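Visitor: Before I ask anything, let me first share the structure, which is written out below as structure tokens.
The values are calculated or read from the model by the stated rules, or taken from the named source; none is laboratory data. Values in this document were obtained by computation on a predicted structure and should not be read as measured data. As a convention, Cβ positions derive from the backbone with ideal geometry for all residues, glycine included, and neighbour counts pool all protein chains shown.
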Amino acid sequence: MINKFLNKLFVDDALKFLKKLPSNSVDLVITSPPYNKKNNKGWLVDEVRYDKYIDNINEEEYQNWQIQILNELFRVVKEGGHLFYNHKIRWENGIMIHPIYWLSKSKWLIRQEIIWNRKIAGNIRGWRFWQIEERIYWLYKPKDNNFIGEELKSRHAKLSSIWEIRPESGFKEHPAPFPLELPTRIIYSIFDEEKNRVVLDPFCGIGTTLVASKLLGHNYIGVDISSEYIKIAENRLNNANDELPRVLEELRLHKVEKTFKERKEEKNKKQKQISFL
Ligand SMILES: C[S@@+](CC[C@H](N)C(=O)[O-])C[C@H]1O[C@@H](n2cnc3c(N)ncnc32)[C@H](O)[C@@H]1O
């Protein structure tokens, strides 16, 4: 049933689209929804204005919408599957709004909170220390009462819970695309050398998650409300090989000279040699 959706892009509302997908059919979701930023303007970055969506709704309505999306994603993801959900801390009338508020009301297990150090702030007023970070929530759908899941290989896990990746600056047609390194890091860490898994992005914008999936040998499904962004995503996918150097550059970071176990064994061996002398 999922086959008819594979390697295709759809212009649609995310929630409406997700309801059409079969349950337990997707291995991994990577997504960044609109943040309900209410067109807050910093000094460095212009207003975030999307082609077909005004990022300014009542906060309670917004969080309820996000919970519905999260729960629908929980349904379509396979047991043992994952969702990487990018968001950030915001403030409204001086009150901090943390994504954990609505994430903890969803069905997902929160496996980790990753800090995305973007190294650059959108707003450089001094009301707070410059916010240069966003968050990526690694959410997990348990399998057979296993609430921990598979271990990552050391070469991926050593990349740590703080990711230093600069925001994308190469596409002016979209206000907030992922840098290609970000979905590449997630897909390669989760699947390692396995191929042909199913990756979904229900707010795919200009298709960065999908380009990374294609270049790493996986199937993709992309959805966005804007036909303009989907057109750009299609064009990127047709010319995906042009973006391969950036994917390869990210993959080069996923290596370990020696594992922790090997280093420990080496240390033990040295200690034995010293005590022998
Ligand atoms: C933060 S951007 C995602 C950018 C994407 N990660 C990329 O690399 O291009 C959020 C996207 O959500 C889309 N969007 C807003 N409301 C939507 C809805 N109801 N259904 C589907 N997409 C929507 C916007 O058009 C925008 O492209």
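Visitor: With respect to the numbered conditions (1) buried (at least 18 other Cβ atoms within 10 Å of the Cβ); (2) at pLDDT 85 or above; (3) at negative phi, which one is the sole condition not fulfilled by Asn36?
Guide: Only one criterion is unmet by Asn36, namely (3).
Visitor: Residues that are within 13 Å of the ligand (Cβ to nearest atom) and either closer than 18 Å to Asn7 by Cα or touching a strand residue (DSSP E or B) at 6+ places or on another chain (Cβ under 8 Å) (or both): find the helices (runs of 4 or more DSSP H) completely inside region 133-244 holding 1 or more of those.
Guide: 181-191, 208-215, 227-238
Visitor: On the given criteria, is Asn196 at positive phi and surrounded by fewer than 19 Cβ atoms within 10 Å (Cβ to Cβ)?
Guide: So Asn196 passes the test.
Visitor: Is at least one residue of region 94-102 within 21 Å of the chain's Cα centre (by Cα), within 15 Å of the ligand (Cβ to nearest atom), more than 21 Å from His174 (Cβ to Cβ) and buried (at least 17 other Cβ atoms within 10 Å of the Cβ)?
Guide: Within region 94-102 (the criterion being within 21 Å of the chain's Cα centre (by Cα), within 15 Å of the ligand (Cβ to nearest atom), more than 21 Å from His174 (Cβ to Cβ) and buried (at least 17 other Cβ atoms within 10 Å of the Cβ)), the answer is yes, since at least one residue qualifies.
Visitor: Restricting to region 94-125, count the residues that are polar (S, T, N, Q) and in a loop (DSSP other than H, G, I, E, B).
Guide: Number of matching residues: 3.
Visitor: Go through (1) surrounded by 14 or more Cβ atoms within 10 Å (Cβ to Cβ); (2) in a helix (DSSP H, G or I) one by one and return the number of the condition Lys272 breaks.
Guide: Lys272 satisfies every listed condition except (1).
Visitor: For residues in region 42-93 being at pLDDT 95 or above and part of a loop (DSSP other than H, G, I, E, B), which is nearest to the chain's Cα centre (by Cα)?
Guide: Lys88
Visitor: Only residues that are farther than 23 Å from Pro33 by Cβ and among the polar types (S, T, N, Q): list them for region 91-147, please.
Guide: Hits for region 91-147 are Asn145, Asn146.
Visitor: When the residues of region 108-121 are narrowed to those that are free of Cβ contacts under 8 Å to residues at least 60 places away in the same chain and under 13 Å from Tyr85 (Cβ atoms), which ends up surrounded by the fewest Cβ atoms within 10 Å (Cβ to Cβ)?
Guide: Per the stated criteria, the residue is Gln112.
Visitor: Mind listing whichever residues of region 129-146 are modelled with pLDDT under 95 and on the phi < 0 side of the Ramachandran plot? Show your work before the answer.
Guide: We begin by selecting, within region 129-146, every residue modelled with pLDDT under 95; these are 144-146.
Hit for region 129-146 is Asn146, nothing else.
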